[in-house]
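This report refers to the structure that appears directly beneath it.
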Amino acid sequence: MTTPAEILFSETHGRTLRAWSTVSIFRQVVHAGFAAATKAKTKEAEFLYDLVISDPDYMKLVTDVEGFRKAMPKEKFVELGVTHSAETANNLLNAATVLFGHSMVDGTAFDYCRVTALHAPNDWEPDLSNKQVALSMLRERSTEEILRLKLEALLEDLEMKSLKEKIDRLHARCRPEKGWSPMNGYAFDPAGIECLDVLRQNLVHGNALGREIKDADGEFDYMNRTCWYFMGLVNMRYGLRLDPYVTLGPKDGK
């Protein structure tokens, strides 16, 4: 019989697969539409240029139409406008990819923490050793029930913590050897995760939105592999396996 931990283990991996597929298709569709968008933007820029230098109403807004025409020929105006629009669109696409990918990694790390709590709640006792317990609770509830309630409260708090803290808790449960990896060509990099956190903060709260993000495809691929790494950790430590009917089946919007 499939246990609750195994169900969540399989569901979590299924969500990772669907998130990766969604973002990948989104990037492919946007890139495929760049050529058509460039043509449309070119026509818009040409139309705007003609208005500025020939329409009487627009000409009233320009102090030196002839000087503008010489300094900014139509071809240069169109090229600059289209290039800037394309770069901005690509930068925004990459920013969305990073934000969605970070959310995917964060949610996956937390859900696998929940898996370990369901499967082996006693492994979380070191994290609960300094938690205070009311005397009335000691009188009214069993040790197992107190552990469950305190663990639920700890997980609620952990969900709001940083990605780094979620990963630290998962590592503390699974205890991988240094350099361990479940797949070829992947090595977990704490510094890379920290950089990802900083980039997300700068995109949301700073001034990085709209700026260039180098190798967004590579960044997203690493984030996806990191989610697989989390799954491998739990499998390595607890021997949980995927139920394909749960992993690949419909989730009613979950």
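The values are calculated or read from the model by the stated rules, or taken from the named source; none is laboratory data. Small disclaimer: the values here were computed from a predicted structure and weren't measured. Note that each Cβ is placed from the backbone with ideal geometry, even for glycine, and that neighbours are counted across all protein chains shown. These accessible areas exclude ligands, DNA and RNA; they are computed on the full protein's heavy atoms, side chains included. Shrake-Rupley method; radii C 1.70, N 1.55, O 1.52, S 1.80 Å.
Quick notes
- Those residues of segment 19-43 which are charged (D, E, K, R) and surrounded by 14 or more Cβ atoms within 10 Å (Cβ to Cβ), in sequence order: 27, 41
- Search result, residues across segment 74-84 that are touching a helix residue (DSSP H, G or I) at 6+ places or on another chain (Cβ under 9 Å) and either within 14 Å of residue 47 (Cα to Cα) or exposed (fewer than 12 other Cβ atoms within 10 Å of the Cβ) (or both): 74, 77, 78, 79, 81, 82
- Long-range neighbours under 9 Å by Cβ, at least six apart or interchain, first residue touching a residue at least 12 places away in the same chain (Cβ under 8 Å) and open to solvent by less than 20 Å² (accessible area, probe 1.4 Å) within segment 191-208, second of a type in the set (D, E, K, R) and not in a loop (DSSP other than H, G, I, E, B): 193/164; 196/219
- Wholly within segment 150-254, helices (runs of 4 or more DSSP H) carrying at least 3 residues that are small (Gly, Ala, Ser): 216-238
- Tally of residues being open to solvent by 50 Å² or more (accessible area, probe 1.4 Å) and modelled with pLDDT under 85 across segment 215-254: 4
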